Amino acid sequence: MRSMLFVPGDSARKMEKSLASGADAIILDLEDSVSPDNKQNARETTRAFLEQHPSNGRSHIPQLFVRVNPFDTGETQKDVDAVLPACPDGIVQPKTRSAADVERLSGLLAQGEKRCALDDLSTKIVVIATETAAALFHMGSYAECGPRLTGLSWGAEDLSADLGASTNKTPNGRYADPYRLARTLSLLAARAADVQPIDTVFTNFRNEEGFAAECEAAARDGFTGKLAIHPAQVPAINRIFTPSQADIERASRIVEAFDADPDLGVIGLDGEMIDRPHLVRARKLLDRAALYRLN
């Protein structure tokens, strides 16, 4: 998933419109974009939308995820019970503190899948892992979450509130040090858990230049997708996180050179020494290209 677009779970109009956004996944939000008094209405609206677009009746894109409320609100069980019978592709878990929270949610999903006669492990989990200070001390735990966990993202807005910061960015628009640390730990934690690293939202959706620069930096560092808060952000995300044709061709040449002589440890290509880490990187890029039908 290159792009995951948040849509308020209490707006049937916005959810329907989001299907034409080009996003790889839509996140139907029951958390931050829904007021406390409107939670039940959001659950009903979200479930109705899922039922109108069943997973066995649509293509795999866009996938439909639901962001539930965190455990400390007392709303998580209600959210899961409401939407799971309508078979979302996955659940986005906010304010996740450690693998223990993921395992707890996985248990709820397992019970729900059994009640609803769904396939075991059919509902995936994407976590937002850095929204509290305490969560940063448990980032390595996600490697033990099991097969439901499919992606890991990070959050700067809630983290800044938890830290009591006045802002999470410096005057030049870059993330301040605590949030750069959270970003780095998220990338490392996702790779250690062998799940997709997904970059966080960019809140100033009118700043197209700044948004593109942040996407490019994330893709350069190893993130393979990004959260979006506005449909206008989706095209840039898809473009930047899709391997370019030039990158695909170079990766193919690297793989072909090593395949021609598997005993080689090092090859020369275009005047550059290429060794096994380059081969691993090339294969990962080609896997991503195949996912988006580009090679």
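The values are calculated or read from the model by the stated rules, or taken from the named source; none is laboratory data. Here the structure is a predicted model, which is why all the values come from computation and not from measurement. Cβ sites come from the backbone with ideal geometry, for glycine too, and all protein chains shown count toward neighbours.
For segment 131-180, a residue qualifies if it is in contact (Cβ under 8 Å) with a residue 40 or more places away in the chain, touching a helix residue (DSSP H, G or I) at 6+ places or on another chain (Cβ under 7 Å), assigned to a loop (DSSP other than H, G, I, E, B) and surrounded by 15 or more Cβ atoms within 10 Å (Cβ to Cβ), and the qualifying residues are CYS145, ARG148, TRP154, ALA156.
Being out of contact with any Pro (no Cβ under 9 Å at 6 or more places or on another chain), surrounded by 22 or more Cβ atoms within 10 Å (Cβ to Cβ) and part of a helix (DSSP H, G or I) is the filter here, so list the residues in segment 184-198 that pass it. Across segment 184-198, the qualifying residue is only ALA193. No other residue among ALA82, ALA100 is small (Gly, Ala, Ser) and either buried (at least 21 other Cβ atoms within 10 Å of the Cβ) or more than 23 Å from GLU144 (Cα to Cα) (or both) apart from ALA82. Against the list (1) more than 13 Å from the chain's Cα centre (by Cα); (2) in contact (Cβ under 8 Å) with a residue 40 or more places away in the chain, the condition ALA236 fails is (2). Do the conditions hold for PHE71, that is, is it under 20 Å from TRP154 (Cβ atoms) and free of Cβ contacts under 8 Å to residues at least 12 places away in the same chain? So PHE71 fails the test. Against the criterion of being in the same structural domain as ASP158 (by TED's automatic domain parsing) and closer than 18 Å to LEU108 by Cβ, VAL80 qualifies. Of everything in segment 1-38 that is touching a Leu at 6+ places or on another chain (Cβ under 7 Å) and without any contact (Cβ under 8 Å) to a residue 40 or more places away in the chain, the residue that is surrounded by the fewest Cβ atoms within 10 Å (Cβ to Cβ) is MET15.
Residues checked against (1) surrounded by 14 or more Cβ atoms within 10 Å (Cβ to Cβ); (2) closer than 27 Å to GLY225 by Cα; (3) β-branched (Val, Ile, Thr):
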residue: ILE248; (1), (2), (3): yes, yes, yes
residue: ALA260; (1), (2), (3): no, no, no
residue: ASP263; (1), (2), (3): no, no, no
residue: GLY268; (1), (2), (3): no, no, no
residue: MET273; (1), (2), (3): no, no, no
residue: HIS278; (1), (2), (3): yes, yes, no
residue: ASP287; (1), (2), (3): no, yes, no
residue: ALA290; (1), (2), (3): no, yes, no
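For segment 195-232, a residue qualifies if it is over 19 Å from ASN172 (Cβ atoms) and of a type in the set (Lys, Arg), and exactly one does: LYS226.
Listed by first and then second residue, the pairs linking a residue in segment 249-268 that is within 23 Å of ARG288 (Cα to Cα) and hydroxyl-bearing (Ser, Thr, Tyr) to a residue that is buried (at least 16 other Cβ atoms within 10 Å of the Cβ) and modelled with pLDDT of 85 or more, with Cβ atoms under 7 Å apart and 6 or more places separating them unless they lie on different chains, are SER252/LEU286.
Counting only strands (runs of 3 or more DSSP E) that fall entirely inside segment 203-295 and contain at least 3 residues that are in the same structural domain as GLY151 (by TED's automatic domain parsing) and closer than 30 Å to VAL92 by Cβ, the qualifying elements are 225-228. Kindly provide the set of residues from segment 103-113 that are more than 18 Å from GLU144 (Cα to Cα) and touching a Leu at 6+ places or on another chain (Cβ under 8 Å), ordered by number. GLY112, GLU113 - these are the residues of segment 103-113 that are more than 18 Å from GLU144 (Cα to Cα) and touching a Leu at 6+ places or on another chain (Cβ under 8 Å).
Within the span defined as segment 160-168, one or more residues are modelled with pLDDT of 95 or more and on the phi > 0 side of the Ramachandran plot.
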